[in-house]
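Visitor: Structure provided below as structure tokens; questions to follow.
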Amino acid sequence: MKSNRISKKEISRRDFVKGSAMSAAAFMIVPRHVLGGKGFVPPSDKVNIGIIGAGGKGRQNTEEFLALDDVQVTAIADPAYYWNLAEFYYRSEAGRGPVKDLVEAHYSAKTPNFQVAEYVDFREMLEKEQALDAIVCSTPDHTHAYISLMAMGAGKHVYCEKPLTHNIWEARQLQKMAKDKGLATQMGNSGHSADGIRETVEYLRSGVIGKVTEVHAWVPAGRWIPGLQGLPQGSTTLPIGFDWEEWLGPREQRPFHENYVPVTWRDFWDFGCGALGDFGCHDMDAATWAFNLKAPESVQIFPAGYSDENIAPYGEIGYYDFKAQGDQAALKLHWYSGGLRPDLHEALPKEYAYARRASMFVGDKGIIINDGGDRKPQVFPESLRDSIKVPKQSIPRSKGHFRDWVDAIKGGSPSSANFEYGARLTEITLLGVLSLRMGGKRIEWDYENMEAKGLPEADAFIREPVRQGWEMA
């Protein structure tokens, strides 16, 4: 199998940005950029998208974009050629080979012999595929920031999976660059675009259940390898067509082991962020949105089950404390994972059973529960439900999470999970991860100085070291 890989020395970040700037300057002679500004795509044009990360989520995201008539996937980059994900919830075949076949089969129906450019190294793709308008980043968490920063530096619009970054410093960098560049961005917390979460936010803001002082959010997710007791020992055979060095990205070199991939990387702090990192940007979204949460005064999340400096726990339980602001009372947000859930609230019928995944908002008049699926607000007690007036719609309904981003690329309104909001939600999530990584220590957060008060040892997690060649400063 022919490799498209080139050495990292040929594509250093400095040389890449310099080359991209020169290419962008030459590209400015194209009428659409002159008329609409950098990155502008006329409404009548197709948006050319490059897929970076073609694993299970990358394949799902690709399928979403194939369904849009004004989008064309023209390039794919992934260090892995093939993954069999039948044993994971993706229930599919993934990697750049299967996803390339998927895309070419889709477009060949109208364009015979249509071909997708295929790359191992995404930097080579960005350098060579100058016609790309945007990229979709669906890689493991530890490479989100590097890829997104490099793509935005090249003037590309970016869709990036959640959590937006692996550490808090990276989230601040993405938020700033997206604002400075004026590019269309979207984080991959797709539930943010559902009607149900918007209805929930409207109910909460309109005071249906009165003043809210507590929020509870829980997910069933636990560690992928339940019996894990530290890093894998030794090494196993490298899959054919898999570039382990490229996959490691900014992390230090180590022997390949099958326990790290394709999905189980979430169990390891170097690559993933545990269940909280996986689901926090989904299940704390409604609270963050409804109450315009910025940063907690303190956060403390305790590991449930074995964890250490290298691996995430099986479950998690803890809380965020947000101070009062304006008309909003002080708020305590409780987080649970691994099957843990709150006590049954007194406003609920005795026979009520919590869904495996849900959020609950506690007010002085009653509660709202939204289940993990449609997220529609369910009001309790039932006597309150029967007497409330449905709030007037105040949040525009989405045309679709992916559709909204493409429309933003074409000059429409910014997508609602853009990096300004996505970075804020990610930072809240990662503060809980920070507490976990420090063994459940209480984090008193100094937002302005981006530091945990009195805990200088937290700095190494707030901004993680990276190996040479993967610097982002």
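Visitor: Select from segment 413-442 the residues that are within 22 Å of ALA286 (Cβ to Cβ), of a type in the set (Lys, Arg) and crowded, with 21+ Cβ neighbours inside 10 Å and list them in ascending order.
Guide: Correct list: empty.
Visitor: Kindly establish whether SER206 is within 30 Å of ASP371 (Cβ to Cβ), of a type in the set (Gly, Ala, Ser) and touching a His at 6+ places or on another chain (Cβ under 6 Å). Break it down stepwise before answering.
Guide: Numbers: within 30 Å of ASP371 (Cβ to Cβ): yes; of a type in the set (Gly, Ala, Ser): yes; touching a His at 6+ places or on another chain (Cβ under 6 Å): no.
In short, no.
Visitor: Within segment 422-469, can you find the residues that are of a type in the set (A, V, I, L, M) and touching a residue at least 60 places away in the same chain (Cβ under 8 Å)?
Guide: Of all residues in segment 422-469, those of a type in the set (A, V, I, L, M) come to 423, 425, 428, 430-431, 433-434, 436, 438, 443, 450, 452, 455, 458, 460, 462, 466.
Within segment 422-469, ALA423, LEU425, ILE428, LEU430, LEU431, VAL433, LEU434, LEU436, ILE443, MET450, ILE462, VAL466 meet the criteria.
Visitor: Follow-up question, since we're still on this one. Of these, LYS410, LYS399, which one is under 26 Å from LYS156 (Cβ atoms), of a type in the set (Lys, Arg) and surrounded by 16 or more Cβ atoms within 10 Å (Cβ to Cβ)?
Guide: Checking each option against the conditions leaves just LYS410.
Visitor: Condition first: of a type in the set (Asp, Glu) and over 19 Å from ALA217 (Cα atoms). Can you find one or more residues in segment 265-286 that meet it?
Guide: The answer is yes; a qualifying residue exists.
Visitor: Output the residue which, of all residues in segment 261-276 that are part of a helix (DSSP H, G or I) and surrounded by 24 or more Cβ atoms within 10 Å (Cβ to Cβ), is farthest from the chain's Cα centre (by Cα).
Guide: ASP267
Visitor: Can I ask one more? Return the pairs, sorted by first residue and then second, in which the second residue is modelled with pLDDT under 95, the first residue lies in segment 385-397 and is on the phi > 0 side of the Ramachandran plot, the beta carbons are less than 9 Å apart, and the residues are 6+ apart or on different chains.
Guide: Once the first residue is on the phi > 0 side of the Ramachandran plot and sits in segment 385-397, no partner that is modelled with pLDDT under 95 comes close enough.
Okay, residues lined up against (1) of a type in the set (A, V, I, L, M); (2) in contact with a Leu (Cβ under 9 Å, 6 or more places away or on another chain):
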site	(1), (2)
SER383	no, no
ILE388	yes, no
PHE402	no, yes
GLY411	no, no
ILE428	yes, yes
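Visitor: Show the residue pairs meeting these rules: Cβ distance below 7 Å; 6+ apart or different chains; first residue within segment 59-82 and crowded, with 21+ Cβ neighbours inside 10 Å; second residue acidic (Asp, Glu) and part of a helix (DSSP H, G or I).
Guide: PRO79/GLU246
Visitor: Looking at segment 166-260, what helices (runs of 4 or more DSSP H) fall wholly within it and have at least 2 residues that are outside the structural domain of TYR82 (by TED's automatic domain parsing) and at pLDDT 95 or above? If you could, list the steps in order and put the result at the bottom.
Guide: Working: elements: 168-181, 195-205, 244-248.
It comes to 195-205, 244-248.
Visitor: Still on this model: Looking at GLU161, GLU202, GLU214, which is the one that is within 27 Å of GLU464 (Cβ to Cβ) and of a type in the set (D, E, K, R)?
Guide: Just a single option satisfies the conditions, and that option is GLU161.
Visitor: Of all strands (runs of 3 or more DSSP E) completely enclosed by segment 297-357, which ones contain at least 2 residues that are closer than 23 Å to GLU448 by Cα and of a type outside the set (A, V, I, L, M)?
Guide: So the answer is 298-304, 315-322.
Visitor: Looking at segment 249-260 only, could you name the residues that are under 20 Å from ILE462 (Cα atoms) and either buried (at least 21 other Cβ atoms within 10 Å of the Cβ) or in contact with a helix residue (DSSP H, G or I) (Cβ under 8 Å, 6 or more places away or on another chain) (or both)?
Guide: GLY249, PRO250, ARG251, listed by residue number.
The values are calculated or read from the model by the stated rules, or taken from the named source; none is laboratory data. Since we're looking at a predicted model, the values are computed, not measured. In this analysis, Cβ positions are derived from the backbone assuming ideal geometry, glycine residues included, and neighbour counts consider all displayed protein chains.
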